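The values are calculated or read from the model by the stated rules, or taken from the named source; none is laboratory data. It should be emphasised that the depicted structure is a prediction, and the values quoted were computed from it without experimental measurement. Note that we place each Cβ from the backbone using ideal geometry, even for glycine, and neighbour counts take in every protein chain shown. Note: accessible area is taken over every heavy atom of the protein model, side chains too, but ligands, DNA and RNA are not part of it. Shrake-Rupley method; radii C 1.70, N 1.55, O 1.52, S 1.80 Å.
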Amino acid sequence: MSSTSQTNTSVRAGSGRRISLAAMCRARAVAEIKAFLRQKESVVFTLAFPVIMLVLFGTIFGSNKADGGINFATYFVPGMIGAGILASSFQTLAIQIPIERDDGLLKRLRGTPMPKAAYFIGKVAMVLFVMLLEIILLTVVGMIMFGLKLPVDANHWLVLIALVLLGTTTLTLLGIAFSSLPRTGSSAPALVTPIALVLQFISGVFFPFYQLPTWLQEVAAIFPLKWLTQGLRYAFLPDAAKGNEPAGAWELGKVFGMLGLWAVIGMVLCLLTFRWRSSNDG
Amino acid sequence: MPIPDTSEQSGTISAMTQAVQVSGLRKTYTTKKVTTAAVDGVDLSINTGEIFALLGPNGAGKSTTVEILEGYRHRDAGEVSVLGEDPQTAGTRWRERIGIVLQNTKDLSLLTVRESLRTFSYYYPNARGADELMELVGLSGKADAKLTALSGGQRRRMDVALGIIGRPELLFLDEPTTGFDPEARRQFWDLIRQLRADGTTILLTTHYLDEAEALADRVGVINAGKVIEVNTPDRLGGRHGAEATVRYRDPSGELVSIGTNTPTETVRELMQRFDNAEIPELTVARPSLEDVYLKMIGVPAA
C-alpha cells in the first residue's frame, strides 16, 4: 500500500478518511459563534438590549411593591431573562437564517456533502452560547442592582435548568420555522421585531403580568413566552410571590406542558416549511 | 428482421467514460397559470476529463439545466446521470465527488479566508489544505482578510477555492470570471487548465465567448430550452467552413471587404493587382465564435 504520494492527482475525491458528524458540527459551531460576535449589531441588539431594558424598567418602576414583599425591579428580572432567551434564540434565528438564505450561504451549503443536521446543530450551539452569556449578564445585573437572589434550593435550580433547556429548544425551533416567512433577508427584522415586542409586552416582561386585563392575559397564555417567564419567576422569586400569578400558583405543569407543545409545533413547522433557497432564486 | 438489442450494454460502457449524460430533459414552470418549458428536451453528454462550455442567452434554460445536474432542482421528465448517479436521489457520497461554484455569492462575509476554508474542509474527506488552496487560486497573503475586504475578483477566486476544496471529479463553474480584469482572467484560465490536467471534468457556463474558446474542449449552445449544437469551438456553427472575409484599403482610400470561400485565391488576385507590393491593411478573417454564436441564437450580425 502506497500512501506516501503527495501529488494532487493521486488523491481523488472521497478517497480519504471520513470526518465525523461531531467534528463537522464543531466546525459549524465555531464559525457561527465567530460570525455572531463579529456582527456588532447582533451583539448590541441581542446581548445588550435586554440588559439596557432591565436597567431602565427596574430604575423607573423599581420602588413599587408587588405581592410577596418584592420590588417590581426584582419581579422584572426573570421576565427579562425570558426575553433574553427569546432574543438569543427566536429573534436571532428568525432574522439570521433569511439573510443566509438570501446571500446564498444556504444554497452553497446544500451543494456540499455537509449533512443538513450539522447546520442546525451549529445554530443551536451558537444560540446556547449567546443565551448563556445573556442569562449570566442579566442575573448578575439583577443581583447587583435589583436584589435578585439565586434559586433557593436544588429543586428550584433543577426547574431553572430544565426551563432554560426546554425554552431554548422551543424558541430555537420556532425561530427556524419562522425564518421561512420573510421573503427577503432585509425584511426579516421588520417582521420579527414587532412580534417579539408585542409578545414581551403581554407576557410579563415589561409590565407586571397581573396588571394586564384578563383578556390580554388569556391571549398571552396561548404563546410560549408567558409560560417561560412564569416558570422563571418560580425559579428566582420567593414562593410568596406566586400571589402575583393569575392562578395564584406557579402552575409548573402547565408551564412545561405549553412549552413542550410549542416545541412539537415548532418541530413540525420546521420539517414542513424549511427552505434552503431564496424565493427570488427561480 | 429483429435487431439485437445492445443499447443497454453500450449504455453501461459510455456511462463509464462520460461524466454527465442527459437525454430528453424537461422542466416546466407555472407562473400565473401559464406553463412554460424552461428546458424542453435537452440531450447532452460530457466526457470525463474534458472542459465543456454551455453557452446560451439568459432565459435559454442554461441555469435550470445546470441546477438539475447539480441536484438543486427536480426535473419533470428525462434521464440524467452525473458521475453515474441520478442527482435527484444522490447522497453525500456523490456530493463529495462534485464541486460547485455558484454565481453572485455574497455569503460568509464575517469570516476570514482561512476560517472559511477551514470550516468547509470539514465537509470533505481528503480536503485540500487552506495554504494549498490559497496558493492555487492566488489568494496567498489574504489568509486573514475578511471576505468583505476582498475585491470582486478575489472573492470569485475564494468561491473557486471552496469549489475545489474536496478535490472534485466534476466541477461546475457558473460564470466564474464575471468582474475580472484581463490579467486576473488569464490567471484564472491557467488554474482551470491545471485542474483539467489533474483529471477534473469541468462544466463551464459563461457569457464570454473568448473564454469558451480559450478553455473548452467542446461547447454546447442552448436556446429556447433545447441544445441546438454541440461541437468543438473551432467547428461550431460550421465556422471552419464559413465564408472568409478579405479586407484591404484600395488606392482610392476606400476600405474594401470581400466575402469569399477561396480567400487564398482572392489574395493571389490582389497581389497581382498590387504588383506583389504590400497590400494596404490586408486582413483575412473567419467568423469569430461570437459571430457564429449570435447567428445561431438568432441575433442578426452587426
Most fluctuating of B:F274, B:F172, B:F120 in the GNM of chain B (C-alpha, under 10 Å) is B:F274
With the 8 Å Cα cutoff and a minimum separation of six or more residues, segment B:242-298 has a relative contact order in percent of 42 percent
The extension gain from B:H240 to B:A145, computed as 0.36 nm times the residue separation minus the Cα-Cα distance, is 29.4 nm
Probe 1.4 Å, all chains present, heavy atoms only: B:E135 accessible area in Å², nearest 10, is 130 Å²
Restricted to the protein assembly as shown, the DSSP antiparallel beta bridge percent, nearest 5, is 65 percent
Per the 1/(1 + (r/R0)^6) rule, R0 = 56 Å and r from the Cβ atoms of A:K65 and A:K116, FRET efficiency to 0.05 is 0.60
Residues hit by the 30 Å² burial cutoff in segment A:73-116, accessible area with a 1.4 Å probe, assembly against chain on its own, are A:D103, A:L105, A:K107, A:R108, A:R110, A:G111, A:T112, A:P113
Losing no less than 20 Å² of accessible area (probe 1.4 Å) relative to the isolated chain, the residues of segment B:44-78 are B:E67, B:Y72, B:R73
Here the relative contact order (percent) of chain B, from C-alpha pairs under 8 Å and at least 6 apart, is 19 percent
For segment B:153-201 the residues that are at least 50 Å² less accessible with all protein chains than alone, 1.4 Å probe, are B:R167, B:D198
Residue by residue through segment A:186-193, the couplings from Karplus 6.51 cos²θ - 1.76 cosθ + 1.60 with θ = phi - 60°, in Hz, x for Gly and Pro, are 6, 8, 4, x, 5, 8, 7, 4
As straight-line cross-link partners of A:K116, the qualifying lysines (C-alpha separation under 18 Å, not fewer than 8 residues apart within one chain) are A:K107
Non-local residues with an amide H under 5 Å from the amide H of B:E50, with H modelled 1.01 Å from N and Pro and chain starts lacking one, are B:I202
Taking chain B, the lysine pairs whose C-alpha atoms sit under 15 Å apart (8 or more places apart or on different chains) add up to 4
Rounded to one decimal in nm, the spacing of the 7 Å Cα→Cβ label points at B:D210 and B:Q194 is 2.2 nm
Relative contact order of chain A (C-alpha contacts under 8 Å, at least 6 apart) in percent is 27 percent
Per-residue ellipticity at 222 nm attributable to helices in chain A (runs of n ≥ 4 DSSP H, -39500 (n - 2.57) apiece, nearest 500 deg cm²/dmol) works out to -20500 deg cm²/dmol
The percentage of the accessible area of chain B (probe 1.4 Å, all protein chains present) made up of carbon and sulfur atoms, to the nearest whole number, is 49 percent
Share of accessible surface on carbon and sulfur in chain A, whole %, 1.4 Å probe and ligands ignored, is 70 percent
With T = 37 °C, eta = 0.692 mPa s and Kirkwood Rh from C-alpha pairs, the Stokes-Einstein D of chain A in µm²/s is about 162 µm²/s
Net charge near A:L212 (other residues with Cβ under 14 Å of its Cβ; Lys, Arg +1; Asp, Glu -1) is -1
Taking a probe of 1.4 Å and leaving out DNA, RNA and ligands, the protein assembly as shown shows per residue an accessible area in Å² of 46 Å²
Label model pair B:D250, A:S279: point-to-point distance (7 angstrom along the Cα→beta-carbon line) in nm is 6.6 nm
Asserting the computed 222 nm helical MRE of chain B (DSSP H runs at least 4 long, -39500 (n - 2.57) per run, divided by residue count, to nearest 500) equals -9000 deg cm²/dmol
Rounded to the nearest Å, the spacing of the alpha-carbon centers of segment A:197-248 and segment B:243-300 is 87 Å
For segment B:265-281, Karplus-derived ³J(HN,Hα) couplings (6.51, -1.76, 1.60; θ = phi - 60°; whole Hz; x for glycine and proline) come out as 4, 4, 5, 4, 4, 5, 4, 4, 5, 9, 6, 6, 7, 4, 8, x, 6
Amide H proximity to B:N223 below 5 Å, modelled H, separation 5+ or other chain, gives B:I228
Which residues qualify? For B:V39, with a placed amide H closer than 5 Å and at least 5 residues away or on another chain, they are B:K27
Ordering B:248-254, A:255-261 by per-residue average of other C-beta atoms within 10 angstrom, highest first, gives A:255-261, B:248-254
Sequence order, segment A:63-70: Karplus ³J(HN,Hα) from phi using 6.51 cos²θ - 1.76 cosθ + 1.60, θ = phi - 60°, Hz rounded, Gly and Pro as x, gives 7, 5, 9, 9, 4, x, x, 10
Residue separation between A:M145 and A:Y210 times 0.36 nm, minus their alpha-carbon distance, gives in nm 21.1 nm
Measuring from the longest principal axis of the C-alpha atoms of chain B, the long axis of helix B:182-197 (C-alpha) lies at a number of degrees, nearest 10, equal to 60 degrees
Buried accessible area between A and B, both sides, 1.4 Å probe, in Å² rounded to 100, is 3400 Å²
